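Have a look at the structure below, then the notes.
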Amino acid sequence: MKKAIVYFFATLLFAACGAPQGDSQSAALYHKLDSLIACHDDIVATKEQQIASLFHGLHGVELTAEQEYDINLRLYDEYLAFRFDSAFHYINRNMQSALAAADPERRAVSAIRMAHILSVSGIFNNARLLLDSIEPLQLTTATRVAYYNQWAELNLYRSEMAQYTPYFMQYIDSAQHYRQLLLEIADKASFEYKANHASYTCEQGDVEGAIRQFEQYLPSLQQGDRRYSIVASTLAYFHWKNNNPRQQEHYLLLSAISDLRGAILENNALRELAAILMERGDYERAYRYLSRASNDAQQYGSRLRSMQVARLTPFISKAYDTERSLAQERTIRLLIILTVIALLLAGFIIFTIWLLYKRRSANQKIHEMNKELTNHNQVMQAVNDQMRLLNAEMKEANRIKDEYIGRFLELCSSLIHRGEERMKQLNRLARDHKLDTLYAELKNNGPISSGIRMFHQNFDTAFLNIYPNFISEVNRLLTTDNQFVLLDNSTKLTTELRVLALIRLGITDNQKIAEILRSSITTIYTYRSKLKAKAVQKETFEEDIRKIASY
């Protein structure tokens, strides 16, 4: 099977380069035919398996005489166009059976089939004696149709062997006689009637009418069926008589394709195609087709087909050998030319190598210089990257410095002013000896709370001015359910966000954070633990906070 597949793809190239001249339809048919020839062994093996399965179904079964007779007919039909000796064996068993001896009808049915096998094998005299032994008027209509059809077929095969002799038309006339007898009694819808009517019409001189009949009938048959092959092959003969070689070739292709698909080894179309291809000059394909036809004839056991193939073989073989000799001469001349070209090319290559050697030394120096420049550029790039990083850090530090210096100068000034005002108020109360009021004011934490609120307000405003996207960036580091609510134009941070803000400013010690936010160390530790637990990446959360950009 693998060999067949390889050959199939090889035929694709052959079809593209050396397909027979003609329209695309013919090229496609030749391609299909070549593919089937490549798979011929597989198709034959499948046919043999089908017949073997029939034998397997009969193993161990006791058959009556009638059942055995019918099985022999069925096996005969299977081997009819596949194996001559097997078909002969099973129909001969029926000829010798007790049923045939006792029943003239059964004997006639078997004798007609035996005559067909003998006819296709070229044993014409024995086939004629068998048919002469039958009394047609005692037969049923169906058997008599087969009887006349076999007489017509026998004379047709005899005419093939008598071509270019005075006996040719004698056999054709005899075939026409039996066709006429058949047409008088056969069912007009039957294959026998249609096949004989078209052939009779053709031999009567109405070739166009015969072609019309078969071209209308052919689509109703299935490719791979022996009847399809017969009708297509006969249509090719009609077109040959009508001097239309293109259509003749077309229907020979269809017939050959059908033969190969149906494993029909008793065939005629491949041999006729080989003759056409030989006249065209396609000797390689003609030789291949004739070889296939010869092998089929040998496998089938048909002397008639083998003799017909043998007539063409010397001519095609001689033409094929001549073509091969010419191809060899052309190949030798081409090799001489290629050798001269190769020597010139070798000299050119040697000269080119010498030039490349000289160029290589120059390129090596250039490469070393480029390598030094590359290293220098890499160092400069690293320096530039470091400079950009330092500039960014300096820029951020300057923004923080500018923002916080202004804010906290203002805060300090405000707190000093408030301290002075409070001292004045306390001095007045002491001077006026309002000790109860003085004591109440000293216990009042309101000014301190107000100062803390002012500190927080200034811290929040300054920090958000430096890091305007701080809250959204923190949310990006937290899980969805634990993110801070982001309000438009918000200038206030929660205690948790202030803890994160101080971490972003580089203050990571809990003691320092607690002092700045006026909270206990435990509170600050708790805030940091809870925030880390809410983070997407818990291990790197505070490190990610320190990487939030200011702009």
* Asked: LEU129 versus (1) aliphatic (A, V, I, L, M); (2) within 28 Å of ALA297 (Cα to Cα); (3) touching a helix residue (DSSP H, G or I) at 6+ places or on another chain (Cβ under 8 Å): which is the lone unmet condition?
  -> (3)
* Asked: If you check every pair at least six apart or on different chains, which have Cβ atoms under 6 Å apart with a residue in segment 424-441 that is open to solvent by 70 Å² or more (accessible area, probe 1.4 Å) and among the aromatic types (Phe, Trp, Tyr) first and a residue that is part of a loop (DSSP other than H, G, I, E, B) and at pLDDT 75 or above second?
  -> none
* How many residues are outside any helix (DSSP H, G or I) and charged (D, E, K, R) when one looks only at segment 454-471? -> 0
* To do: Count, please, the residues in segment 193-203 that happen to be under 47 Å from the mean Cα position of the chain (by Cα) and open to solvent by 50 Å² or more (accessible area, probe 1.4 Å).
  => 1
* Asked: Within the bounds of segment 204-214, is there any residue that is in a helix (DSSP H, G or I), within 24 Å of TYR300 (Cα to Cα) and either open to solvent by less than 60 Å² (accessible area, probe 1.4 Å) or not β-branched (Val, Ile, Thr) (or both)?
  -> no
* Asked: What helices (runs of 4 or more DSSP H), lying completely within segment 488-551, carry at least 3 residues that are under 16 Å from LEU478 (Cβ atoms) and at pLDDT 85 or above?
  -> 495-504, 521-534, 541-546
* Go through segment 221-235 and count every residue that is part of a helix (DSSP H, G or I) and closer than 18 Å to HIS197 by Cβ. => 8
* **Leading residue by the ranking (surrounded by the fewest Cβ atoms within 10 Å (Cβ to Cβ)) among those in segment 178-192 that are free of Cβ contacts under 8 Å to residues at least 40 places away in the same chain and in a helix (DSSP H, G or I)** => GLU184
* **segment 237-249: number of residues that are surrounded by 20 or more Cβ atoms within 10 Å (Cβ to Cβ) and farther than 13 Å from ALA198 by Cβ** => 2
* Asked: Does ARG226 satisfy being open to solvent by 20 Å² or more (accessible area, probe 1.4 Å) and farther than 28 Å from PRO136 by Cβ?
  -> no
* **Selection from segment 58-82 of residues that are within 20 Å of GLN150 (Cβ to Cβ) and either assigned to a loop (DSSP other than H, G, I, E, B) or without any contact (Cβ under 8 Å) to a residue 12 or more places away in the chain (or both)** => ASP77, LEU80, ALA81, PHE82
* **Residue that is surrounded by 14 or more Cβ atoms within 10 Å (Cβ to Cβ), of a type outside the set (Val, Ile, Thr), free of Cβ contacts under 8 Å to residues at least 40 places away in the same chain and over 28 Å from HIS177 (Cβ atoms), where the choices are ASN155, ASN94** => ASN94
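Just to check your reading of the model, which residue among LEU426, LEU338, LEU355 is touching an Asp or Glu at 6+ places or on another chain (Cβ under 9 Å), in a helix (DSSP H, G or I), more than 30 Å from ASP460 (Cα to Cα) and at pLDDT 65 or above?
LEU426
Let's see how each residue does on (1) more than 60 Å from the chain's Cα centre (by Cα); (2) over 27 Å from GLY451 (Cα atoms); (3) open to solvent by less than 30 Å² (accessible area, probe 1.4 Å):
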{"position": "THR479", "(1), (2), (3)": "no, yes, no"}
{"position": "GLN483", "(1), (2), (3)": "no, yes, no"}
{"position": "LEU493", "(1), (2), (3)": "yes, no, yes"}
{"position": "VAL499", "(1), (2), (3)": "yes, no, yes"}
{"position": "GLN511", "(1), (2), (3)": "yes, no, no"}
{"position": "ILE516", "(1), (2), (3)": "yes, no, no"}
{"position": "SER520", "(1), (2), (3)": "yes, no, no"}
{"position": "TYR525", "(1), (2), (3)": "yes, no, no"}
{"position": "LYS538", "(1), (2), (3)": "no, yes, no"}
* Determine, yes or no, whether LYS32 is farther than 30 Å from ASN149 by Cα, part of a helix (DSSP H, G or I), of a type in the set (Lys, Arg) and open to solvent by 30 Å² or more (accessible area, probe 1.4 Å). => yes
* Structure fact -> Reported set for segment 194-217 where residues are touching a residue at least 24 places away in the same chain (Cβ under 8 Å) and either within 14 Å of LYS241 (Cβ to Cβ) or in contact with a Leu (Cβ under 8 Å, 6 or more places away or on another chain) (or both) is ASN196, ALA198, SER199, TYR200, CYS202, GLU203, GLN204, VAL207, GLU208, ALA210, ILE211, PHE214
* **segment 80-89, residues that are under 16 Å from ILE112 (Cα atoms) and touching a Phe, Trp or Tyr at 6+ places or on another chain (Cβ under 7 Å)** => PHE84, ALA87
* Asked: If you check PRO166 against the conditions, is it outside any loop (DSSP other than H, G, I, E, B), open to solvent by 50 Å² or more (accessible area, probe 1.4 Å) and either in contact with a Leu (Cβ under 9 Å, 6 or more places away or on another chain) or more than 30 Å from ASN94 (Cα to Cα) (or both)?
  -> no
* Asked: ALA52: farther than 22 Å from LEU290 by Cβ, surrounded by fewer than 16 Cβ atoms within 10 Å (Cβ to Cβ) and of a type in the set (A, V, I, L, M, F, W, C), yes or no?
  -> yes
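Give PHE82, PHE88 a once-over and let me know the one that is over 17 Å from SER133 (Cβ atoms), modelled with pLDDT of 85 or more, crowded, with 18+ Cβ neighbours inside 10 Å and not aliphatic (A, V, I, L, M).
Going through PHE82, PHE88 in turn, the sole match is PHE88.
The values are calculated or read from the model by the stated rules, or taken from the named source; none is laboratory data. Quick caveat: nothing in here was measured; it's all calculated off a predicted structure. We place every Cβ from the backbone using ideal geometry, glycine too, and count neighbours over all the protein chains shown. Heads up: the accessible areas ignore ligands, DNA and RNA and are worked out on the full protein's heavy atoms, side chains in. Shrake-Rupley method; radii C 1.70, N 1.55, O 1.52, S 1.80 Å.
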